[in-house]
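Colleague: Starting off with a structure, shown below.
The values are calculated or read from the model by the stated rules, or taken from the named source; none is laboratory data. Please read these numbers as outputs of a predicted model, since none were measured by experiment. Because the Cβ atoms are built from the backbone with ideal geometry, glycine has one as well, and the counts that use them run over all protein chains shown.
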Amino acid sequence: MQKKGTLVVTRWDAVHVVRDGKVVDSIPIEGDRVERLKLKLDGKEIEEERRALERWPGSALAVHSIALPPPVEDIKALRELAFAVAEVALADSFRGDEDVLWGVRVLDEMKEQYNVLKEMATGWELVHKLSRTESEGVTHLGALVKETERTIGRLERFVEERMRQIAPSVCEVCGPILGARLIEKSGGLARMAMKPSSAVQILGAEKALFRHLKTGAPPPKHGMILLHPSIMGAPRRERGKRARAFAAKITMAARRDAFIKNAGPSIRPETNT
């Protein structure tokens, strides 16, 4: 649910103050926006946010606000900024798993924006009778959708290549993209390796776990590992059991990758049989 009161919402261009569903103040992001995005991806507070919180006492940081939907004109700038972050990740590839964390975060953000952009383009073309000028706009928007799709493909290849370098055992067990998301959710490969398999099993299901602790609702049986075909394709009554076994294999693979130098993959991946 959207929090009530005054919210401080950070976008690529500025930090916006939202009250009662309206933007009442904006502080433009100055300097290197890529560096600012790097700080946000690391969960840190940026200078413009601190200024907004000081200017509006009692306000709270928020991830998003319905008062700030992503306008079409922001998509190109956001894509260029995200691609710049990806280039920084490539330059920092010697730092181990940090570039994987960055890469998969940017990848997921790009996919979210791509879905919004594609939906806008499709709706614009299908719902309205287009004039010549509008047709040109749809054509331009369609080209932007295709370029965003190509950028997503490049990011996926980058994440896959880096994962095979730093976590080959995890890749063999669950695949590079799912493995990267698990590592990102854990805060790094070493942190995931130190987690019990029961914690790896429910990574991505934190809301359901909190609801279980708060209300006594049934605990989650799996988190994002549900996306793996070996679990998703299983009968519902067997998913919990498979998730436990699968999480145990992932944990073993992560420990091998994190703590045994040049160990290479040695754990058989889960199958559908």
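Colleague: Within region 234-273, count every residue that is touching a helix residue (DSSP H, G or I) at 6+ places or on another chain (Cβ under 7 Å) and modelled with pLDDT under 85.
Modeller: Counting residues in region 234-273 that are touching a helix residue (DSSP H, G or I) at 6+ places or on another chain (Cβ under 7 Å) and modelled with pLDDT under 85 gives 12.
Colleague: Still on this structure, please answer the following. Quick check on my filter: what residues within region 215-232 are part of a helix (DSSP H, G or I) and under 22 Å from residue 252 (Cα atoms)?
Modeller: 224, 225, 226, 227, 229, 230, 231, 232
Colleague: Only residues in region 233-251 that are assigned by TED's automatic domain parsing to the domain that holds residue 203 count as the first member; pair them with residues that are assigned to a loop (DSSP other than H, G, I, E, B) and not charged (D, E, K, R), Cβ under 6 angstrom, at least 6 apart or cross-chain, and list the lot.
Modeller: 233/272; 242/234; 243/222; 249/267
Colleague: What do you reckon, is residue 147 in a helix (DSSP H, G or I), in the same structural domain as residue 103 (by TED's automatic domain parsing) and either among the β-branched types (Val, Ile, Thr) or buried (at least 16 other Cβ atoms within 10 Å of the Cβ) (or both)?
Modeller: no
Colleague: Next up: State which residue is farthest from the chain's Cα centre (by Cα) when the search covers only region 111-144 and only residues that are at pLDDT below 70 and outside any helix (DSSP H, G or I).
Modeller: The residue in question is 131.
Yes/no per residue for (1) in a helix (DSSP H, G or I); (2) within 26 Å of residue 99 (Cα to Cα); (3) out of contact with any Gly (no Cβ under 8 Å at 6 or more places or on another chain):
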{"site": "180", "(1), (2), (3)": "yes, yes, no"}
{"site": "183", "(1), (2), (3)": "yes, yes, yes"}
{"site": "203", "(1), (2), (3)": "no, yes, no"}
{"site": "209", "(1), (2), (3)": "yes, no, yes"}
{"site": "213", "(1), (2), (3)": "yes, no, yes"}
{"site": "234", "(1), (2), (3)": "no, no, yes"}
{"site": "238", "(1), (2), (3)": "yes, no, yes"}
{"site": "244", "(1), (2), (3)": "yes, no, yes"}
{"site": "256", "(1), (2), (3)": "yes, yes, yes"}
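Colleague: Among the numbered conditions (1) surrounded by 15 or more Cβ atoms within 10 Å (Cβ to Cβ); (2) farther than 21 Å from residue 114 by Cα; (3) modelled with pLDDT of 90 or more, tell me where residue 196 comes up short.
Modeller: The number of the failed condition is (1).
Colleague: Picking from 194, 163, which residue would you name as being within 18 Å of residue 246 (Cα to Cα) and among the aliphatic types (A, V, I, L, M)?
Modeller: 194
Colleague: Take the conditions under 25 Å from residue 184 (Cα atoms), hydrophobic (A, V, I, L, M, F, W, C) and either at pLDDT 70 or above or not assigned by TED's automatic domain parsing to the domain that holds residue 102 (or both) and apply them to residue 82. Does it pass?
Modeller: The answer is no for residue 82.
Colleague: Given the criteria of a type in the set (Lys, Arg), at pLDDT below 85, surrounded by fewer than 16 Cβ atoms within 10 Å (Cβ to Cβ) and outside the structural domain of residue 102 (by TED's automatic domain parsing), does residue 221 qualify?
Modeller: No; evaluated as a whole, the condition is false for this residue.
Colleague: Being modelled with pLDDT of 85 or more, assigned by TED's automatic domain parsing to the domain that holds residue 141, within 15 Å of the chain's Cα centre (by Cα) and of a type in the set (Asp, Glu): is that true of residue 108 here?
Modeller: It is true that residue 108 is modelled with pLDDT of 85 or more, assigned by TED's automatic domain parsing to the domain that holds residue 141, within 15 Å of the chain's Cα centre (by Cα) and of a type in the set (Asp, Glu).
Colleague: Looking at region 28-60, which of its residues are at pLDDT below 85 and farther than 13 Å from residue 11 by Cβ?
Modeller: Passing the criteria: 30, 31, 32, 34, 35, 38, 39, 41, 42, 43, 44, 45.
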